[in-house]
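Remarks on the structure that follows.
The values are calculated or read from the model by the stated rules, or taken from the named source; none is laboratory data. None of these values were measured; they are calculated from a predicted model. Cβ coordinates were reconstructed from backbone atoms using ideal geometry, including for glycine residues, and neighbour counts include every protein chain displayed.
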């Protein structure tokens, strides 16, 4: 992936993540989240890069105030890419090993977004016809 593509991927992620966390209701950030997902679908190069962005967004070094969980759930339900699911399972296992099971509900809620009947889907226009 060239530097322009990588920068564009990061730019769209940053916008969608910031909007999903800044809105009173993160669901109001659906246009930005949808734009990010549509961009991801344009090339397998982005698909290969996304697990790393996921890991970074849950690291202690992440540059935003919190993790964009609602954005990730939207992406996971939209894309359902197995490599993202694997990354979440690995993050969950490492988090439980390091911190105990108290935070596993965050990971479980993200994994639930893979399901056809994910409850969160009802709040997004993008999934209303799905």
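Looking at the stretch 77-118, which of its residues are touching a residue at least 40 places away in the same chain (Cβ under 8 Å) and under 17 Å from residue 57 (Cα atoms)? Reasoning before the result, please.
Going through the stretch 77-118, the residues touching a residue at least 40 places away in the same chain (Cβ under 8 Å) turn out to be 77-79, 109-110, 113, 118.
Answer for the stretch 77-118, where residues must be touching a residue at least 40 places away in the same chain (Cβ under 8 Å) and under 17 Å from residue 57 (Cα atoms): 109, 110.
Each row is one residue, and each column tells you yes or no for (1) exposed (fewer than 13 other Cβ atoms within 10 Å of the Cβ); (2) in contact with a helix residue (DSSP H, G or I) (Cβ under 9 Å, 6 or more places away or on another chain).
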| site | (1), (2) |
| --- | --- |
| 5 | no, yes |
| 12 | no, yes |
| 15 | no, yes |
| 18 | no, yes |
| 29 | no, yes |
| 45 | no, yes |
| 48 | yes, yes |
| 52 | yes, yes |
| 59 | yes, no |
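Output yes when any residue across the stretch 91-103 is loosely packed, with under 14 Cβ neighbours inside 10 Å, at pLDDT below 95 and part of a loop (DSSP other than H, G, I, E, B), and no when none is.
Scanning the stretch 91-103 turns up at least one residue that is loosely packed, with under 14 Cβ neighbours inside 10 Å, at pLDDT below 95 and part of a loop (DSSP other than H, G, I, E, B).
Do we find that residue 64 is in contact with a helix residue (DSSP H, G or I) (Cβ under 7 Å, 6 or more places away or on another chain) and either in contact (Cβ under 8 Å) with a residue 40 or more places away in the chain or crowded, with 18+ Cβ neighbours inside 10 Å (or both) in this structure?
yes
Taking residue 49 as the residue in question, decide whether it is free of Cβ contacts under 8 Å to residues at least 12 places away in the same chain, under 16 Å from the mean Cα position of the chain (by Cα) and under 21 Å from residue 88 (Cβ atoms).
Judged against the criteria, residue 49 is not a match.
Hey, can you tell me all the residues within the stretch 1-42 that are modelled with pLDDT under 90 and not in a helix (DSSP H, G or I)?
Listed by number, the residues that qualify are 1, 2, 23, 24, 25.
In the stretch 118-130, which residue that is assigned to a loop (DSSP other than H, G, I, E, B) and at pLDDT below 95 is nearest to the chain's Cα centre (by Cα)?
That would be 124.
Got a number for residues in the stretch 56-77 being assigned to a helix (DSSP H, G or I) and over 10 Å from the mean Cα position of the chain (by Cα)?
So in the stretch 56-77, the residues assigned to a helix (DSSP H, G or I) come out as 56-57, 69-77.
Then keep just the ones that are over 10 Å from the mean Cα position of the chain (by Cα); that gives 56.
Number of matching residues: 1.
Which condition number does residue 39 fail, the rest of (1) within 24 Å of residue 117 (Cα to Cα); (2) in contact with a helix residue (DSSP H, G or I) (Cβ under 6 Å, 6 or more places away or on another chain); (3) surrounded by fewer than 19 Cβ atoms within 10 Å (Cβ to Cβ) being met?
Among (1) within 24 Å of residue 117 (Cα to Cα); (2) in contact with a helix residue (DSSP H, G or I) (Cβ under 6 Å, 6 or more places away or on another chain); (3) surrounded by fewer than 19 Cβ atoms within 10 Å (Cβ to Cβ), residue 39 violates only (1).
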